[in-house]
Amino acid sequence: MLSYALKRLGIAAPTMFVVVSLSFFLMHLAPGGPFDADANLEPQVIENLKAAYDLDKPLIQQYAIYVGKVFKGDFGPSIIYQDRTVSQLIATGLPVSLRVGLSAILIAALIGISLGITAALNQNKPTDYVVMAAAMTGIAVPSFVLAPLMTLIFGVLLQMLPIATLEPSGSFARNFPALAPITPYILPVIALAIPQIAVISRLTRGAMIEVLRQNYIRTARAKGLKEQRVVWRHALQAGLLPVVSYLGPAIAGIVTGAVVVESIFQLPGMGRFFIQGAINRDYPLVLGIVIIFAGAIIMMNLIVDMLYGLLDPKVKLDA
Amino acid sequence: MLMFLARPKAAMPALLIAATLAFAPGTAAAKMVLNRSSAADPDTLDPHVSSGNSAAIVLYDIFQPLMTLDDKGEVTAGAAESYTVSPDGLTYTFKLRPNLKWSDGTPLTAEDFVYSFRRIQSPETAGRYAQWFWSVKNAEAVNKKQAKPEDMGVKALDARTVQISLATPSPIFLEIMATFTSSPVPRHVVEKFGREWTAPERIVSNGAYMVTERVPQTRIKAVKNPNFYDAANVKIDEANYFPTENLGTVLNRFRAGELDVALNFPPDQIEWIRQNLPKELHIAPNLGVYYFLVNNTKPPLNDPRVRKALSMAIDREGMVSKLLNTGVIPGYSLVSPVVANYSVYKPAYAAQAMPARMAEAKKLLSEAGFGPGKPLKITLQFDTLEENRKMAVAMAAMWKPLGVDVELANSEFRDLTRRARTGDYDIMRWAYFSPFNDASAYLNLLRTGDASNFSGFANAEYDKLMLEANTIIDMKRRAALMYQAEQILLDTQAIIPVYHYVARRLIHTYVKNWNDNPRNANLTRYLSVERPAR
C-alpha cells in the first residue's frame, strides 16, 4: 500500500508540471491583459505597470521566472490585489473553503447515504418515491436559485440567520448562544450540501439495489444472517464504491470551486478568487489556484483508489 | 458603602469605575457603527497605486489629501487649512493644519507630502493616475525616467508649508489635489514594508479612520482615528465596508439590516423597491455617460452625415423610460449635465419630435449615398452584460427603419478595449466616468493624439479650444471655450451619446446627513447612524 502511494505521488510531480505549463500558456492566450479593463490609462503608465509585474518581458522568459518561483514555493504577487501575494490570498481563502466545503460534503454524505439506503430497501414503495422525488428536486434546483431563496426566507423574512456577515446575528444565534459562532456558515453549508445530498442518495440507491440482487447477498440471507448484518456489513461495503469514487473529485471541486455559493454569501473562499482572477487576467492568482486545485484532485484520486483497496476485495493495489 | 467608607483609599477607584459603567452614555454597547457595501474587493489600499474603482470609498475615509471633499461632495480644505495661488496660476502654496499626525502618532509634515508626490510619479510605483499630475513641473519627465524625482516642482518651504510649481496653469488643480491619489503616504511605513505596507497590522494613514481588519472579498473594518485633527466631530466609531458584487445579496442584506448603505441593487428590482422602500431609495445623477464610440476614420462612418443620421434615429426618451427604466437620463451631450461650472451643448434635433428626426435622418443617409438600393451595413460591438445586450438590440431596431443593416457582435470587455485602442470596429458601446467634476475631463478624451481618443476624431479647431481651456484660469471664458468644443464634437457627431448614468443607492433612513452628489462621495466622517433599537 505504501509503495503504491509513493509511486502515485511520484507520477503526481510531472503531472503538476504539465498542468502549470498548460495553464500558464492558456491564460496568456486569452485576449487582453490585466491592465486592459482601464481603457483611459496613459501608455507610459501601462508600461510602468507591465514592468512592475515582469509582463514587459518575452513570454518564455516570464514562464521561466514563474516556474522558478513556484519551485521555491513562491506564487508571486497578485496583479489585481496589488498589495497582497497569491500565497496570502490562498492562505486566507483555503481554510474557509475547506471548512465550508468539508462540512457540506460530510453532511451530504451522511444524509445522502442514509436516504439512498432507505430508498433501496424500500424499492418501488412510497418511501422510495418520496426520497427520489426530493433528490430529483435537489439536482434540478441550481444553487443560484436555492441560495438567494434561503437568504430571503431565513435572513430577510424570518431574521433567523445572518445572510453574509462573518458575525453571528439573527434569532438563531440569540436562542442558541453556544452555536452562535457557526451561524454565518449554516446557510452556505446547506446550500452546498443539498445538491450533493441529491446526487449521493441517487448513487447509493442505484448501487445498493444492484448489490442486493447479487448472489452473495442471497447466500448470506440463506445462511440465516440477520438482515441488519446483511445490509450493513455485506451490501453497504460494495454499494458504497460508486459513492466513494464520486466523492473524491466532488470534494476537490467543492473546496476549490464553490463560486456561486461563495459569491452569494460573501464567503472569502477560493472560488471567488479564481473567477475574479480569470476575469481580470490575474495570471499568478489563477495559476496559484490551479496548482492547489490540481494538487487536491491528485490527492483525492489517490485516497479514493486506496479506499477502493480497502472496500473491494477484488482490488489489489500492489498488483 | 460602609466598606468603602472604612477603606476610602481602596474604594475610590472602584467607585469611580462603577459610576463610569453605570452612567456614562458612550459605553462599548453604544458604539456607532456604519455598514456599507462596496462594489468589489479593493485592489489595494495604497492610494498612489489603486485604480479606485472599488477602493475609493475606503481611501477617502482613511486618507486625507491637501484638499478634501465636504459633506456635499464639494472640494474643500483638507490636510491644508489654507492655500494661496500666484497670479499667474503657476504656484500653489498650501499651509498645513497645525500639529497634524499620522494614525500612529508620528508627526505629519510638509516633507511627507513632498515624498508622496514624488512617489506617485516614480515609475517603480506604477501609479495608475500619475498622468493627473503632469501639469506639475517635471512630473511627466520623472514618470518617463527623463528626470530625477527631486527635480519635480514640489518642495517643503517649512514643516507646515508645501509649495507646488506648475509648468502650465491648471484650472482643475485643486480638484486633482482632492482625489484619493493625492493622499500622503507614511514614508516610515512604506519604506519599511514595501508593497505590503497596507496590511491591516501595518497600515498607517492620516484620515478620519484607520483600517484594523481586512478579510479578502468579505470585509474591511476601519475605526475612528484618534489622531485625526477633527476627530471630535467624527460621530461614527466604526465603519465596515463589504465588497458585494452579487447585487441580489446586497438587496437582501439591506433588507435584513446587515447593510445600512447599499451601493446598487439588481436593476430589475427597481419597481419593487419603488413600491416598498421609497424612502430608502436614492437615485442621483453622477458623472458617468453611456455612449457609442464611432470609428471616424473608417468608411462608412467617416461621413458625419451618416453618424448624425444614426444619432438622430435613437429615441433616447423612449428607451430610457421603457427599456432601461432605472432612472438614467437621456443624453445628447458627452459632458454630464450635472457637471459644475458648465452647461452642456445640445444639438438642435434634441428638441425635435421623433417623426421629424427620422425624416431628416433618412434624408442625411440618402445624401451620403445610402438608400433602399444600397443599405448601410455596420457592425455594433458590445460586451456581455444584460443591459448592454438590450441596448444593442434596441439600437438595431431603431436603425432598421432607416434601412440600416446592423450586425450585433458580442465580446468580452477586454476585447472591446483592444478594439477601441486599435480602431478595429465600426461602432461600439462605451462609457466614461469622470474622476473630476469638470467638463474638461470628458472633452479631453477627443483631442487629437490623446491616448483615450478611440474614435479617431481629429479637429485642429477643437484641439486649440481645449488647449486653451486646459490652461486658462478665467472660469467663465473657459466654460465658453469648452462649450464651443463640445459643439464641434456633436455637430460632426464624432461620438453618439445615449444616456447619463445615475447612482442607485439604498440608504436606511436612520443614516443621517447623507447628501447625494454627482461625485457620489459620502465620506463616513460626516455621517451618523441613529439606528432604532432592534
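When the dipole is taken about the Cα centre of region B:286-502, and only Lys, Arg (+1) and Asp, Glu (-1) are charged at their Cβ, what size is it in debye, to the nearest 20?
Result for region B:286-502 is approximately 320 debye, rounded to the nearest 20.
Round to the nearest 0.05 the FRET efficiency obtained for B:Glu111 and B:Lys390 when R0 = 45 Å and r is the Cβ-Cβ distance.
Working: r = 54 Å, r/R0 = 1.19.
My answer for the efficiency is 0.25.
Taking the dipole about the Cα centre of region B:286-502, with the C-beta of Lys and Arg at +1 and of Asp and Glu at -1, give me whichever of B:Val338, B:Thr417, B:Gly403 is farthest to the positive side.
Most positive-ward Cα: B:Gly403.
Please give, to one decimal in nm, the separation of the simple spin-label points placed at A:Leu311 and A:Leu106, each 7 Å out from Cα toward the Cβ.
My value for the distance between the label points is 1.9 nm.
Convert each backbone phi in region B:180-186 into a coupling constant with the Karplus relation 6.51 cos²θ - 1.76 cosθ + 1.60 (shift: θ = phi - 60°), then list the ³J(HN,Hα) values in order as whole Hz, x for Gly and Pro.
My calculation for region B:180-186 gives 4, 4, 6, 4, x, 10, x Hz in order.
What length, rounded to one decimal in nm, is gained on full extension from B:Lys144 through to B:Asn99, with 0.36 nm per residue of separation minus their alpha-carbon distance? Intermediate values should be presented prior to the final figure.
Numbers: separation 45, 0.36 × 45 = 16.20 nm, distance 3.57 nm.
Once the chain is fully extended between B:Lys144 and B:Asn99, it gains 12.6 nm.
How high is the relative contact order of chain B, given as a whole-number percent (alpha carbon pairs under 8 Å, six or more residues apart)?
Contact order relative to length: 19 percent.
Sort B:116-129, A:167-180 by packing, meaning the average of other beta carbons within 10 Å per residue, with the highest value first. List each step's numbers first, then the result.
Details: B:116-129: 21.5, A:167-180: 14.6.
For the peptides B:116-129, A:167-180, the packing ranking is B:116-129, A:167-180.
To the nearest 10 degrees, how steep is helix A:241-256 against the longest Cα principal axis of chain A, on a 0 to 90 scale?
That helix lies at roughly 30 degrees to the long axis.
If you take every DSSP beta bridge fully contained in chain B, what fraction is antiparallel? Give it as a percent rounded to 5.
Values: 53 of 70 bridges.
The answer is about 75 percent antiparallel.
What ranking, highest mean first, results for peptides A:199-212, B:49-62, A:27-40 when packing means the other Cβ atoms within 10 Å averaged over each residue?
Ranked from most to least packed, the peptides come out as B:49-62, A:199-212, A:27-40.
Relative contact order for chain A: what percent, with Cα pairs under 8 Å and sequence separation of 6 or more?
Once divided by the residue count of chain A, the mean separation gives 26 percent.
Using r as the Cβ-Cβ distance of A:Ile65 and B:Glu213, and R0 as 25 Å, what FRET efficiency do you calculate, to the nearest 0.05?
0.15
What angle do you read, to the nearest 10 degrees and between 0 and 90, between the alpha-carbon axis of helix A:86-121 and the longest principal axis of chain A?
20 degrees
Please state the Cα pair-distance histogram of chain A with 10 angstrom bins from zero: what percent is in each bin?
Whole-percent P(r) values from 0 Å outward: 5, 20, 25, 24, 16, 7, 2, 0, 0.
In region B:286-502, what % of DSSP beta bridges are antiparallel (nearest 5)?
So the antiparallel bridges amount to about 60 percent of the total.
Please work out how much length the chain gains when fully extended from A:Ile303 to A:Ala30, using 0.36 nm per residue of separation minus the C-alpha to C-alpha distance, in nm with one decimal.
Here the segment from A:Ile303 to A:Ala30 would lengthen by 94.9 nm.
Which of the lysines could a cross-linker bridge to B:Lys279, judged by Cα under 21 Å and excluding same-chain residues fewer than eight apart?
B:Lys72, B:Lys512
Kirkwood hydrodynamic radius for region B:345-485: how many Å is it when counted over pairs of different Cα atoms?
Numbers: mean 1/r = 0.0566 Å⁻¹.
Computed over region B:345-485, the radius equals 17.7 Å.
Order B:Lys144, B:Lys377 by their accessible area, 1.4 angstrom probe, all chains in place, largest first.
Solvent-accessible surface, decreasing: B:Lys377, B:Lys144.
Sort B:Trp102, A:Trp232, B:Trp132 by heavy-atom solvent-accessible area, probe 1.4 angstrom, most to least.
A:Trp232, B:Trp132, B:Trp102
FRET efficiency for A:Ala180 and A:Phe144, Cβ-Cβ distance as r, R0 = 30 Å, nearest 0.05? Display every interim value, and only then the final one.
Details: r = 28 Å, r/R0 = 0.93.
In this case the efficiency is close to 0.60.
Placing one identical point scatterer on every Cα of region A:189-307 and ignoring solvent, what is log10 I(q)/I(0) from the Debye formula at q = 0.11, 0.16, 0.22 Å⁻¹?
-0.53, -0.84, -1.17
For the protein assembly as shown, what are Rg and Dmax over the alpha carbons, in angstrom?
For the protein assembly as shown, the Cα radius of gyration and maximum Cα-Cα distance read 31.5, 111 Å.
Once region B:308-372 is represented by equal point scatterers at the alpha-carbon sites, with solvent omitted, what log10 I(q)/I(0) does the Debye formula produce at q = 0.25, 0.27 Å⁻¹?
For region B:308-372 at q = 0.25, 0.27 Å⁻¹, log10 I(q)/I(0) is -1.09, -1.16.
Size of the dipole of the protein assembly as shown about the Cα centre, Lys and Arg at +1 and Asp and Glu at -1 on the beta carbon, nothing else charged, in debye to 20?
2360 debye
For region B:286-502, what relative contact order do you get, as a whole percent, if you take Cα pairs closer than 8 Å and at least 6 residues apart?
Numbers: 385 pairs, mean separation 83.5, N = 217.
For region B:286-502, the relative contact order is 38 percent.
Rounded if a/c is under 1.5, else prolate if a/b is larger than b/c, else oblate: which is region B:343-420, with a ≥ b ≥ c the root eigenvalues of its Cα gyration tensor? Display every interim value, and only then the final one.
Numbers: a/c = 2.13, a/b = 1.41, b/c = 1.51.
The shape class here is oblate.
Starting from 0.36 nm per residue, how many nanometres of slack lie between B:Ser321 and B:Leu408 once their C-alpha separation is accounted for? Can you show the working numbers first?
Details: separation 87, 0.36 × 87 = 31.32 nm, distance 2.31 nm.
Here the segment from B:Ser321 to B:Leu408 would lengthen by 29.0 nm.
Describe numerically, in nm with one decimal, the distance between label points set 7 Å from Cα along Cα→Cβ at B:Ala159 and at B:Lys400.
Between B:Ala159 and B:Lys400, the simple spin-label model gives 7.4 nm.
If you fit an axis through the alpha-carbon atoms of helix B:110-121 and take the longest principal axis of the Cα set of chain B, what angle between them do you get, 0 to 90°, nearest 10?
Its long axis makes an angle of about 30 degrees.
Determine the order of B:Asp383, B:Asp268, B:Asp151 by accessible area, beginning with the largest, at a probe radius of 1.4 Å.
Values: B:Asp383 10, B:Asp268 130, B:Asp151 70 Å².
Accessible-area ranking of B:Asp383, B:Asp268, B:Asp151, largest first: B:Asp268, B:Asp151, B:Asp383.
Taking every Cα atom in chain B, find the radius of gyration and the maximum pairwise distance Dmax, and write them in Å.
Taking only Cα atoms of chain B, I get Rg and Dmax of 26.6, 111 Å.
Count the DSSP beta bridges whose two residues both fall in the protein assembly as shown, then state the antiparallel fraction as a percent rounded to the nearest 5.
If I count the DSSP bridges inside the protein assembly as shown, around 75 percent turn out antiparallel.
Averaged across B:42-49, how many Cβ atoms of other chains sit within 10 Å of each residue's Cβ atom?
Partner-chain Cβ atoms within 10 Å, mean over residues of B:42-49: 3.
Enumerate the calculated ³J(HN,Hα) couplings along region B:356-366 in order (Karplus 6.51 cos²θ - 1.76 cosθ + 1.60, θ = phi - 60°), each rounded to whole Hz, writing x wherever the residue is Gly or Pro.
Once θ is set to phi - 60°, the couplings for region B:356-366 become 5, 5, 4, 4, 5, 4, 4, 4, 4, 5, 6 Hz.
With unit charges on the beta carbon (Lys/Arg positive, Asp/Glu negative), name the residue among B:Ile378, A:Ala207, B:Ser434 whose Cα is farthest towards the positive pole of the charge dipole of the protein assembly as shown.
Of the candidates, A:Ala207 comes out farthest on the positive side.
log10 I(q)/I(0), Debye, Cα-only region A:1-120, no solvent, q = 0.13, 0.14, 0.15, 0.21 Å⁻¹?
These q points yield log10 I(q)/I(0) values of -0.80, -0.87, -0.94, -1.28.
Would you mind computing, in nm to one decimal, how far apart the modelled labels at B:Glu81 and B:Thr448 are, each placed 7 Å from Cα along Cα→Cβ?
5.0 nm
The values are calculated or read from the model by the stated rules, or taken from the named source; none is laboratory data. Remember, it's a predicted structure, so these values are computed and weren't measured experimentally. Note that we place each Cβ from the backbone using ideal geometry, even for glycine, and neighbour counts take in every protein chain shown. To get the accessible areas, we keep the full protein, side chains included, count just its heavy atoms, and leave off ligands, DNA and RNA. Shrake-Rupley method; radii C 1.70, N 1.55, O 1.52, S 1.80 Å.
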